[in-house]
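Worksheet: one structure, shown below.
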């Protein structure tokens, strides 16, 4: 417990409690018998007794293991007194998922990248290669409003996409 924690400011602390649920319906606090660990000491350090201390801004997953069972909790560490207004989300469902994560961490999204940066990033991400000079010239000469979507669709049709992501 808790299933999720938001900690504001370096040094903030939260005590986790590990509770065992037995087949006969009884429960027992096994915090002192559980082994605690974190996947991100810089954002959320945890002691042997389940005390979590906030570090730098970020996300961590703290696990408690007792007997053969393991449970985890998400810990978000935010700067103290951070003022944040969530921006309006536009785009597709992936943009919504990214925006949800950024909002949890209270991080403003970066602005839109240049066309050159976009072509390089999307080509490397989708087919694992840099764009060719011909790819670059074709993309830069295209004036269609949806040219970014079009280049993504073209890259998804290339054999390199299947080879790298199969």
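The values are calculated or read from the model by the stated rules, or taken from the named source; none is laboratory data. Owing to the predicted nature of the structure, the values given are computational and were not obtained by experimental measurement. All Cβ positions, even for glycine, are placed from backbone atoms using ideal geometry, and neighbour counts span all protein chains on display.
Looking at segment 10-25 only, could you name the residues that are more than 30 Å from residue 107 (Cβ to Cβ), exposed (fewer than 14 other Cβ atoms within 10 Å of the Cβ) and in contact with a strand residue (DSSP E or B) (Cβ under 9 Å, 6 or more places away or on another chain)? Full working, then the answer.
Narrowing segment 10-25 to residues more than 30 Å from residue 107 (Cβ to Cβ): 18-25.
Next cut, exposed (fewer than 14 other Cβ atoms within 10 Å of the Cβ) only: 21-25.
Once the filter is applied, which keeps residues that are more than 30 Å from residue 107 (Cβ to Cβ), exposed (fewer than 14 other Cβ atoms within 10 Å of the Cβ) and in contact with a strand residue (DSSP E or B) (Cβ under 9 Å, 6 or more places away or on another chain), segment 10-25 yields 21, 22.
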Scanning for something over 30 Å from residue 2 (Cα atoms), at pLDDT below 95 and outside the structural domain of residue 13 (by TED's automatic domain parsing), does segment 95-103 turn up at least one residue?
no
